[in-house]
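Report on the following structure.
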Amino acid sequence: MLEDKHKMLNPKCVHFLTLLISLLSLPSPTISQSSSLTNFLHCLHYGSDPMVSQSIYIASNPAFQTILQARIKNRRFLNPETLKPVAIVVPTHIDHVQGTVICAKDNGLQIRIRSGGHDYEGLSYRSNVTFIILDMSNFRSIDIDIKTETAWVQSGATLGELYYHIANKTNTHGFPSGVCPTVGIGGHFSGGGYGNLMRKYGLSVDNILDIIAVDALGNVHDRASMGEDLFWAIRGGGAASFAVVVSYKIKLVRVPNKVTVFTKGFTLEQGATDLVHKWQQIAPNINEELFIRVKLQPSFINGNQTVTATFIGFFLGRREKLLPIISKTFPELNLTQQDCHEMRWVETTLFWAGFPIGTPIETLLNRTIWTPLFFKNKSDYVKNVIPKESLNKIWKMTMAMMDRNDINKTRFDLECSPYGGKMNVIPESNTPFPHRKGNLFLIQYSFSWIDEGNNVSFNNIEKLRKLYDGMAPYVSKDPRECFLNYRDLDIGSSRSNETSFDDAKIYGRKYFKDNYTRLTKVKASVDPNDFFKYEQSIPPIN
């Protein structure tokens with residue numbers, strides 16, 4: 001199966017890599033950055049596939065800066081102060097991945113693994129120690145098998161590419177993943193991955209059937225050879241702590257020929273407070289084929305500051321079936337036939353990404369749709385309905401995020417996504433992602449700005465931290481839970497090349513709750529020397 005679906009070791013590389021694997025048992029000397037890079041390059045070139053030379057970029061290469069910046073989505077890390085990698089490897093064959101892991105480990109170089117570059121804290125392309133980037137963007141093949149309702153998708157593909165290729169084969173299948181089409185499969189799946197199909201079908205990781213990955217010794221595994229513990233860990237536990245994921249086999253889910261979407265916005269003056277209060281009670285408990293997100297944004301209308309609540313809906317069916325459900329459960333929304341738009345599932349992925357209705361689906365193949373912004377994001381889980389009087393306090397804190405003079409320079413919103421449905425059925429321990437039954441909704445705090453300067457970034461991040469602190473009474477506690485895909489170094493982190501077990505326990509419990517302990521044991525069994533390491537990685541604990 002491996003040879004059929006994936007590019008395996010070039011036969012002339014087998015002896016070379018076997019020799020390198022045997023050398024891993026020898027202690028590596030302490031060496032300078034330049035000699036470390038030289039030895040790494042010599043190791044990677046020696047006896048390897050000649051094509052590997054076309055996959056390596058160092059600082060003297062004219063394309064180095066372009067390759068580095070191509071998938072940096074957060075401009076906070078596009079500055080001279082951010083330490084650059086000594087090399088970027090953009091492999092085209094799985095043996096290049098194996099060689100990179102082996103040679104980096106043998107020469108004391110840290111690896112940062114990058115697929116789409118959307119990670120909020122930039123940990124896939126920055127570090128404070130000597131490191132290389134393993135950029136998986138050339139691993140982007142997608143093989144759809146409608147007969148078995150499955151697909152193999154490589155980790156460097158984007159969500160948009162996956163959606164497009166599914167639609168090219170069928171109008172009655174989809175996959176439960178996120179709404180941003182330029183997000184890389186590798187990072188999205190490894191953290192859990194969710195979207196507007198999760199109330200019906202669960203998360204991305206709940207629909208993964210097999211994985212091809214390279215471990216810390218350079219060995220290639222599928223599910224059968226890696227074992228169920230590692231397979232469990234890299235479906236939501238942050239794969240970069242354990243291995244380099246090359247590809248996933250996923251289970252496609254069924255969708256109708258036509259589905260329905262809608263958008264409906266209300267200001268505070270138009271009753272947004274009552275609507276949001278009601279939404280908390282309705283959205284997690286409504287028909288599982290219906291997903292209603294609410295986006296809360298401070299704004300200025302006619303010179304007056306307010307908060308706008310925008311309800312964005314997705315329904316697995318036609319509008320004539322949707323309207324009676326809304327009329328019965330959420331009549332305050334005043335949803336009309338004119339508010340509802342029927343379209344193919346693939347077209348809804350563009351709608352949810354903010355594109356006008358009628359945008360060609362080929363847009364999903366564009367990896368450079370948006371210009372990178374400066375931003376900082378955080379997350380929370382809400383388990384109890386927030387009372388109206390508390391919502392009014394939240395509106396005041398939210399409006400304090402925006403200044404009239406900065407209205408065209410900053411953007412802030414609270415994106416609230418409902419749980420319930422299938423999320424209440426899947427046990428917390430089924431995958432490392434533990435945020436299941438008992439959650440009403442997930443909040444993503446998103447703050448972005450366009451002005452440059454460290455002071456600007458510092459002040460805006462402090463604003464967000466102040467709001468986050470103010471939200472503490474209304475969200476989960478002991479631990480205050482967070483979503484791994486919304487990476488946040490504020491909740492605890494180690495240094496780039498050190499693992500603090502005390503710090504790891506703090507962020508580990510917030511991301512994974514009781515699943516954290518099992519993750520540390522898996523780590524100890526597959527990477528006991530902690531090669532795959534970063535600021536919020538899983539440490540090896542027996």
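For the stretch 402-409, state whether one or more residues are farther than 27 Å from Arg140 by Cα, at pLDDT below 95 and among the hydrophobic types (A, V, I, L, M, F, W, C). Taking every residue of the stretch 402-409 in turn, at least one turns out to be farther than 27 Å from Arg140 by Cα, at pLDDT below 95 and among the hydrophobic types (A, V, I, L, M, F, W, C). For Phe266, the conditions (1) under 27 Å from the mean Cα position of the chain (by Cα); (2) among the hydrophobic types (A, V, I, L, M, F, W, C); (3) over 30 Å from Arg223 (Cα atoms) all hold with the exception of (1).
Which one of these is out of contact with any Asp or Glu (no Cβ under 8 Å at 6 or more places or on another chain), part of a helix (DSSP H, G or I) and modelled with pLDDT of 95 or more: Tyr468, Tyr507?
Numbers: Tyr468 fails: out of contact with any Asp or Glu (no Cβ under 8 Å at 6 or more places or on another chain).
Being out of contact with any Asp or Glu (no Cβ under 8 Å at 6 or more places or on another chain), part of a helix (DSSP H, G or I) and modelled with pLDDT of 95 or more holds for just one of Tyr468, Tyr507, which is Tyr507.
Can you find even one residue in the stretch 477-491 that is open to solvent by 70 Å² or more (accessible area, probe 1.4 Å), out of contact with any strand residue (DSSP E or B) (no Cβ under 7 Å at 6 or more places or on another chain), at negative phi and at pLDDT 95 or above?
So in the stretch 477-491, the residues open to solvent by 70 Å² or more (accessible area, probe 1.4 Å) come out as 477-478.
Subset that is out of contact with any strand residue (DSSP E or B) (no Cβ under 7 Å at 6 or more places or on another chain): 477-478.
Those still in the list that are at negative phi too: 477.
Filter once more, so that each one left must be at pLDDT 95 or above: 477.
So far as the stretch 477-491 goes, yes, one or more of its residues are open to solvent by 70 Å² or more (accessible area, probe 1.4 Å), out of contact with any strand residue (DSSP E or B) (no Cβ under 7 Å at 6 or more places or on another chain), at negative phi and at pLDDT 95 or above.
Under the condition of being free of Cβ contacts under 8 Å to residues at least 60 places away in the same chain and farther than 30 Å from Arg71 by Cβ, the residues counted in the stretch 394-424 number 4.
Leu83 falls short of the stated requirement of being assigned to a helix (DSSP H, G or I) and either at pLDDT below 95 or not polar (S, T, N, Q) (or both).
Conditions (1) assigned by the TED database to the domain that holds Pro432; (2) surrounded by fewer than 20 Cβ atoms within 10 Å (Cβ to Cβ); (3) touching a Phe, Trp or Tyr at 6+ places or on another chain (Cβ under 7 Å); (4) at positive phi, marked per residue:
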{"residue": "Gln444", "(1), (2), (3), (4)": "yes, yes, yes, no"}
{"residue": "Asp451", "(1), (2), (3), (4)": "yes, yes, no, no"}
{"residue": "Thr499", "(1), (2), (3), (4)": "no, yes, no, no"}
{"residue": "Gly508", "(1), (2), (3), (4)": "no, no, yes, no"}
{"residue": "Gln536", "(1), (2), (3), (4)": "no, no, yes, no"}
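Considering the stretch 134-246, the qualifying helices (runs of 4 or more DSSP H), each wholly inside and each with 2 or more residues that are open to solvent by less than 20 Å² (accessible area, probe 1.4 Å), run over 159-169, 185-191, 198-201, 228-233. For the stretch 305-353, the set of residues classified as open to solvent by 10 Å² or more (accessible area, probe 1.4 Å), free of Cβ contacts under 8 Å to residues at least 40 places away in the same chain and in the same structural domain as Glu415 (by the TED database) consists of Glu320, Lys321, Leu323, Pro324, Ile325, Ser327, Lys328, Pro331, Thr336, Gln337, Gln338, listed by residue number. Within the stretch 274-304, the set of residues being within 22 Å of Thr260 (Cα to Cα), part of a strand (DSSP E or B) and either open to solvent by 50 Å² or more (accessible area, probe 1.4 Å) or of a type in the set (Val, Ile, Thr) (or both) comprises Ile292, Val294.
Quick check on the stretch 366-384: of everything there that is of a type in the set (Ser, Thr, Tyr) and open to solvent by 40 Å² or more (accessible area, probe 1.4 Å), which residue is modelled with the lowest pLDDT? So that I can check it myself, show each step before the final result.
We begin by selecting, within the stretch 366-384, every residue of a type in the set (Ser, Thr, Tyr); these are 368, 371, 379, 381.
With open to solvent by 40 Å² or more (accessible area, probe 1.4 Å) added as a condition, the list becomes 368, 371.
Working: Thr368: 88, Thr371: 84.
Top of the filtered list is Thr371.
Of the residues that make up the stretch 13-36, is at least one within 31 Å of the chain's Cα centre (by Cα), among the hydrophobic types (A, V, I, L, M, F, W, C) and either at pLDDT below 50 or open to solvent by less than 50 Å² (accessible area, probe 1.4 Å) (or both)? Scanning the stretch 13-36 turns up no residue that is within 31 Å of the chain's Cα centre (by Cα), among the hydrophobic types (A, V, I, L, M, F, W, C) and either at pLDDT below 50 or open to solvent by less than 50 Å² (accessible area, probe 1.4 Å) (or both). If we scan the stretch 354-365, do we find a residue that is open to solvent by 60 Å² or more (accessible area, probe 1.4 Å) and under 30 Å from Lys510 (Cα atoms)? Checked against the condition, which is being open to solvent by 60 Å² or more (accessible area, probe 1.4 Å) and under 30 Å from Lys510 (Cα atoms), the stretch 354-365 yields no hits at all.
Look at the stretch 452-468: where a residue is within 21 Å of Ser379 (Cβ to Cβ) and in contact (Cβ under 8 Å) with a residue 12 or more places away in the chain and a partner is in a helix (DSSP H, G or I) and among the hydroxyl-bearing types (Ser, Thr, Tyr), sitting 6+ places away or on another chain with Cβ atoms under 9 Å, you get Leu467/Thr398. Taking the numbered list (1) open to solvent by 20 Å² or more (accessible area, probe 1.4 Å); (2) touching a helix residue (DSSP H, G or I) at 6+ places or on another chain (Cβ under 9 Å); (3) within 24 Å of Leu78 (Cβ to Cβ) in turn, Asn455 passes all entries but (2).
Each residue in the stretch 91-121 was checked for being assigned to a loop (DSSP other than H, G, I, E, B) and open to solvent by less than 10 Å² (accessible area, probe 1.4 Å), and 5 pass. Taking (1) touching a residue at least 40 places away in the same chain (Cβ under 8 Å); (2) out of contact with any strand residue (DSSP E or B) (no Cβ under 8 Å at 6 or more places or on another chain); (3) surrounded by 13 or more Cβ atoms within 10 Å (Cβ to Cβ); (4) under 25 Å from Lys264 (Cβ atoms) in turn, Pro387 satisfies each apart from (3).
From the list Asn408, Asn460, Asn430, the one residue that fits, being over 26 Å from the mean Cα position of the chain (by Cα) and either among the polar types (S, T, N, Q) or not assigned by the TED database to the domain that holds Leu268 (or both), is Asn408. Looking across the stretch 361-382, the residues that are touching a residue at least 12 places away in the same chain (Cβ under 8 Å), part of a loop (DSSP other than H, G, I, E, B) and not charged (D, E, K, R) come down to Asn366, Thr368, Ile369, Trp370, Pro372.
All conditions in (1) open to solvent by 40 Å² or more (accessible area, probe 1.4 Å); (2) not in a helix (DSSP H, G or I) hold for Pro540, with the sole exception of (1).
For beta carbons closer than 9 Å, sequence separation of 6+ or different chains, a first residue in the stretch 75-88 that is β-branched (Val, Ile, Thr) and a second that is open to solvent by less than 70 Å² (accessible area, probe 1.4 Å) and in a loop (DSSP other than H, G, I, E, B), the qualifying pairs are Thr82/Gly122; Thr82/Tyr125; Thr82/Arg126; Val86/Leu109; Val86/Thr130; Ile88/Asn61; Ile88/Tyr125.
The values are calculated or read from the model by the stated rules, or taken from the named source; none is laboratory data. Just so we're clear, the structure is a prediction, and the values are computed from it rather than from any experiment. When we count neighbours, we look across all protein chains shown, and the Cβ atoms used for this are built from the backbone with ideal geometry, even at glycine. Ligands, DNA and RNA are excluded from the accessible area calculation, which covers all protein heavy atoms including side chains. Shrake-Rupley method; radii C 1.70, N 1.55, O 1.52, S 1.80 Å.
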